[in-house]
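What follows is a single structure, and I will ask about it in a moment.
Each reported figure results from applying straightforward, stated rules to the coordinates on display, with no laboratory input. Only a predicted model underlies this, so the values are computations on that prediction, with no experimental measurement involved. Positions of Cβ are backbone-derived with ideal geometry, glycine not excepted, and every protein chain shown enters the neighbour counts.
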Amino acid sequence: MKFQIVPERPEDAALNAPLLDRTFGSQRQQKTVYRLRDGILPLSNLCFSAIDEEGGLLASLRFWPIQIQTASAILLGPLAVEPALQGRGMGRALLRHGLREAKLQGHKLCVVVGEADYYAPFGFVNATAARLILPGPVDLKRFLVAELAPDSLDGVAGLIGPVDILDLSEENGAVA
């Protein structure tokens, strides 16, 4: 199937929640990572959609600002692909694109809760082994981190939390 990766369009926002429900179920918002996103907008310059030739939404990826103690980082997710289209490389293409853009924009650390086998080829390792702590219940095998710049985890450890809302502005890429 042919698809194109584009920056998230305004019309994608309305279609994103139903896509996430189809992909992850309606109980997805009970997960710990959603609490890190609560009241925080995704980084507009790191929100992407995979669309078909007619412009229909097939998959989406967003990144959110977070803190690890005093270090800035980004939270990957959700990465969602229309269930009937999974396994065709669309999610991996979105992930490659998003991580490349995050690196180009100067982000150094990326956290995700996801399947280790899926994310390992992109440089993700166990975050607990890296001495990171997620506030709330999480399957520790799925709690992962990637260095987007060499040695970015050096000296970084501790509790992950939301970025101070007052520190966010449109200049920092927050979606309004």
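With θ set to phi - 60° and the Karplus curve 6.51 cos²θ - 1.76 cosθ + 1.60, what are the ³J(HN,Hα) couplings of the range 140-157 in order, to the nearest whole Hz, using x for Gly and Pro?
4, 6, 9, 8, 10, 9, 10, 7, 8, 9, x, 6, 5, 7, 4, x, 9, 7
Rounded to the nearest 10 degrees, what's the angle between the helix 10-24 long axis and the longest principal axis of the chain, both from Cα atoms, 0 to 90?
80
Looking at the square roots a ≥ b ≥ c of the eigenvalues of the Cα gyration tensor of the range 98-155, which shape do they give, rounded for a/c under 1.5, prolate if a/b is larger than b/c, or oblate?
Numbers: a/c = 1.95, a/b = 1.44, b/c = 1.35.
Prolate, because a/c is 1.5 or more and a/b exceeds b/c.
Only counting other Cβ atoms within 10 Å, I'd like D151, D52, D12 sorted with the fewest neighbours first.
The fewest-first ordering by Cβ neighbours comes to D151, D52, D12.
Still on this structure, I have one more. Using θ = phi - 60° and the Karplus relation 6.51 cos²θ - 1.76 cosθ + 1.60, list the HN-Hα couplings for the range 49-55 in order, rounded to whole Hz, with x at every Gly or Pro.
Going residue by residue, I get 10, 9, 10, 8, 4, 8, x Hz, with x marking Gly and Pro.
Now for a separate question. From the phi angles alone, apply the Karplus equation (6.51, -1.76, 1.60; θ = phi - 60°) to the range 58-72 and give each ³J(HN,Hα) in whole Hz, x where the residue is Gly or Pro.
Couplings: 10, 7, 8, 8, 9, 10, 10, x, 9, 10, 10, 6, 9, 8, 6 Hz.
Moving on to the next point. Once every DSSP H run of n ≥ 4 in the chain is given -39500 (n - 2.57) and the sum is divided by its residues, what mean residue ellipticity at 222 nm do you get, rounded to the nearest 500 deg cm²/dmol?
Working: 4 runs with 40 residues, N = 176.
Result for the chain, helices only: -6500 deg cm²/dmol.
Work out the charge dipole of the chain with +1 on the Cβ of Lys and Arg and -1 on the Cβ of Asp and Glu about the Cα centre, then indicate which of T32, P162, S44 is farthest towards its positive end.
Checking the options against the dipole of the chain, the answer is T32.
Further, regarding this structure: Obtain the nm distance between the two label points defined at D154 and D52 by a simple spin-label model: each point lies 7 Å from its Cα along the Cα-to-C-beta direction.
In this crude label model, D154 to D52 measures out at 4.9 nm.
Show the residues, 5+ positions off or on another chain, whose built amide H is closer than 5 Å to the amide H of G158.
For G158, whose amide H was placed from the backbone, the distant partners under 5 Å are L132, I133.
Let me ask something else about it. Within the range 59-122, which trypsin sites (Lys or Arg not before Pro) sit in a loop by DSSP and count at most 16 neighbouring Cβ atoms inside 10 Å?
R88
I'd like the orientation of helix 90-104 relative to the chain: the angle between its Cα long axis and the longest Cα principal axis, in ° from 0 to 90, rounded to 10.
Between helix and principal axis, roughly 50 degrees.
Stokes-Einstein diffusion coefficient for the range 4-163 at 20 °C in a medium of 1.002 mPa s, Rh from the Kirkwood formula over Cα pairs: what value in µm²/s?
It diffuses with D of about 135 µm²/s by this estimate.
Over the chain, what relative contact order in percent results from Cα pairs under 8 Å that are six or more residues apart?
24
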